[in-house]
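Written out below as structure tokens is the structure these notes cover.
The values are calculated or read from the model by the stated rules, or taken from the named source; none is laboratory data. This one's a predicted model, so the numbers in the text were calculated from it and none came from an experiment. Reconstructed Cβ throughout: ideal geometry from the backbone, glycine too, with neighbour counts over all protein chains shown.
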Amino acid sequence: MRRKRLAPLLATAGLIATSLPLLAVTQATAAPAGRYLDQKPEWQRCSPDQPESLECATLKVPLDYQRPDGPTIDLAISRIKSTDPAKRRGVLLINPGGPGAPGLDWPLINTKNSLPKDVRDQYDLIGFDPRGVGKSSPISCELTGDNDFEQPYRPETFDSDVARAKTVADECRENAGEALPYITTRNTARDMDTIREVLGEKKISYMGFSYGTYLGAVYSQMFPKQTDRFVLDSGVDPGRVWRGMQQVWATESEPAFTRWTKWAAERNAECGLGDSPKAVSDTFWALVARADKEPIKIDSRYWPAETTGDDIRRATRGQVFYPSSFSEMFAMLKAAAEGKPMPAGTDPAKLKKLLDGDTAGDPTGWGGEDEQFWPVLCGDAAWPDSPEQYAKDAARDKKAYPLYGDIASNIKPCAFWDKPLEAPTPMNKEAKVLILQNEWDSQTPLASGQGLHRALKGSRMVTVAGGEGHLAYLGGSCANAPANTYLATGRLPDEDMTCTNPAGGTSEHQENTP
């Protein structure tokens, strides 16, 4: 995830009551009523500037599947039809991540980038904007203040952090309308099954990236008999949904930082940051301390603000997974702090990317647009509701994980959200799915992908040893071959696999965008 301002989201008409009761059967799948299944998609070209092969349609789905005769919302879907109808097996739904990322273009993106012909022959590729996103009855919180919740914990500012978090939750509750509590992963999974029914398919196959891995996992548990071939790329650990997925950024950035210090020390003649891992680490933390005392002023053409030590920590969290480019950018920052010229051969524009948290190779992250981010994170699972708990956790984690621990555990708007209408989906059914995972993924770290693998009994995992970047498949990694074989034949690997990208075969920072 590029460093997004973790602001929230949403709007439809009406106000949500704060006393909504829990659903009587919280884990019910609630199959859609007949009137939704009788729909006939009216396919038409998505837009004049896109190929004719990409068609779009709009379906109606229940806002609340427990009230199928209640309010409806629009669900925008797209497709690219099978390239060989004689070989057609069914449909392959695609979700790019988020939560909050639109998906209508993704059949086209996958066709251009990665899916081989023998896979495209077998499937109609189906994209969709998840509920509340893009063209699917989008929502908005109409937020009015500072919505940056990627902030360090400081006792002297904590009260204002709490006030901001409460304001965001209150504004979402007031402005988002009755849709707010229904923008959840479980309801999006139900929407996926409505798509399946409307298209007349007995099962669906699926490719989910980043957040989309959790969506796919939830579908596999809610609708196991309708689950066919599922590829989950860059796994979200269901046991960490969702506060734990922010905290895993803190725990897993520490080994990435250690790896970087070793890398830079081995190249001290080139990087000039220290001749041992400890020396490199000392150089880093000395600059952080210096910037906290006296913010670094950088050429306004590239970064118009003063840069603090907290800014450096926050930006480093994602970038440190890429030792080569991070070393280059950190050397530029160090030179700027010392009033020296930028190192020879460096690109000063990259410094802005470092400080802006622009994590390369992250087209979707597991953080979509802010307007649809918090409803899912706050609506899928309950968060602690005591500000004191956040303060305690943040102080503890700043000591344990100094790079990012306090930022990850600091107060978030979910502390003041209404309680979710449903409990998180238990992962207790077999799911013969394929999980792909880069070893050095900053957004869904290896530990997270391994957690997804453990949760989905019967799954197989392909780990790209040394793989850097978020998302393995679209970058053309060594994980593609087993994934394509599985999609084409249904054969999972006999056991978990580890592969290594060929030298020069995949760029260090995979720009997995069209």
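Checking the conditions here, which among 458, 476, 505 is of a type in the set (Gly, Ala, Ser) and either closer than 30 Å to residue 154 by Cβ or modelled with pLDDT of 95 or more (or both)?
Details: 476 fails: either closer than 30 Å to residue 154 by Cβ or modelled with pLDDT of 95 or more (or both); 505 fails: either closer than 30 Å to residue 154 by Cβ or modelled with pLDDT of 95 or more (or both).
The conditions single out 458.
Can you spot a residue in the stretch 239-261 that is closer than 14 Å to residue 324 by Cα, free of Cβ contacts under 8 Å to residues at least 40 places away in the same chain, part of a helix (DSSP H, G or I) and among the charged types (D, E, K, R)?
Within the stretch 239-261, not a single residue is closer than 14 Å to residue 324 by Cα, free of Cβ contacts under 8 Å to residues at least 40 places away in the same chain, part of a helix (DSSP H, G or I) and among the charged types (D, E, K, R).
Working only within the stretch 427-472, note down all residues that are within 15 Å of the chain's Cα centre (by Cα) and farther than 25 Å from residue 263 by Cα.
Listed by number, the residues that qualify are 436, 452.
Answer yes if at least one residue in the stretch 384-398 is at pLDDT 95 or above, surrounded by 20 or more Cβ atoms within 10 Å (Cβ to Cβ), within 24 Å of residue 261 (Cβ to Cβ) and not assigned by TED's automatic domain parsing to the domain that holds residue 482, and no otherwise.
Of the residues in the stretch 384-398, the ones at pLDDT 95 or above are 384-398.
Okay, now just the ones that are also surrounded by 20 or more Cβ atoms within 10 Å (Cβ to Cβ), so 390-391, 393-394, 397-398.
Adding the requirement that they be within 24 Å of residue 261 (Cβ to Cβ) leaves 397-398.
Cutting the leftovers down to not assigned by TED's automatic domain parsing to the domain that holds residue 482 gives us 397-398.
Yes, the conditions are met somewhere in the stretch 384-398.
Can you run down the residue pairs with Cβ atoms below 6 Å, 6 or more apart or on separate chains, where the first is in the stretch 53-68 and within 13 Å of residue 194 (Cα to Cα) and the partner is assigned to a strand (DSSP E or B) and of a type in the set (Asp, Glu)?
So the pair list comes out as 58/74.
Taking residue 161 as the residue in question, decide whether it is among the acidic types (Asp, Glu) and touching a strand residue (DSSP E or B) at 6+ places or on another chain (Cβ under 6 Å). Steps first, answer last, please.
Values: among the acidic types (Asp, Glu): yes; touching a strand residue (DSSP E or B) at 6+ places or on another chain (Cβ under 6 Å): no.
It is false that residue 161 is among the acidic types (Asp, Glu) and touching a strand residue (DSSP E or B) at 6+ places or on another chain (Cβ under 6 Å).
Yes/no matrix, rows are residues, columns are (1) assigned to a loop (DSSP other than H, G, I, E, B); (2) of a type in the set (A, V, I, L, M, F, W, C); (3) without any contact (Cβ under 8 Å) to a residue 40 or more places away in the chain; (4) at negative phi:
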| residue | (1), (2), (3), (4) |
| --- | --- |
| 133 | yes, yes, no, yes |
| 137 | yes, no, no, no |
| 148 | yes, no, no, yes |
| 151 | yes, no, no, yes |
| 156 | yes, no, yes, yes |
| 186 | no, no, no, yes |
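Mind checking which pairs have a first residue in the stretch 373-395 that is without any contact (Cβ under 8 Å) to a residue 24 or more places away in the chain and a second that is buried (at least 23 other Cβ atoms within 10 Å of the Cβ), Cβ under 6 Å, 6 or more apart or different chains?
Cβ pairs passing all conditions: 393/409.
Just a yes or no: is a residue in the stretch 270-287 at pLDDT below 95, in a helix (DSSP H, G or I) and over 30 Å from residue 201 (Cβ atoms)?
Filtering the stretch 270-287 down to residues at pLDDT below 95 leaves 270-272.
Now restrict to residues that are in a helix (DSSP H, G or I): 270-271.
Retained after the next criterion (residues that are over 30 Å from residue 201 (Cβ atoms)): 270-271.
Yes, some residue in the stretch 270-287 is at pLDDT below 95, in a helix (DSSP H, G or I) and over 30 Å from residue 201 (Cβ atoms).
State all residues of the stretch 109-135 that are within 19 Å of the chain's Cα centre (by Cα) and among the polar types (S, T, N, Q); if no residue qualifies, say none. Steps first, answer last, please.
At the first step, the residues of the stretch 109-135 found to be within 19 Å of the chain's Cα centre (by Cα) are 109-110, 127-134.
Matches in the stretch 109-135: 110 only.
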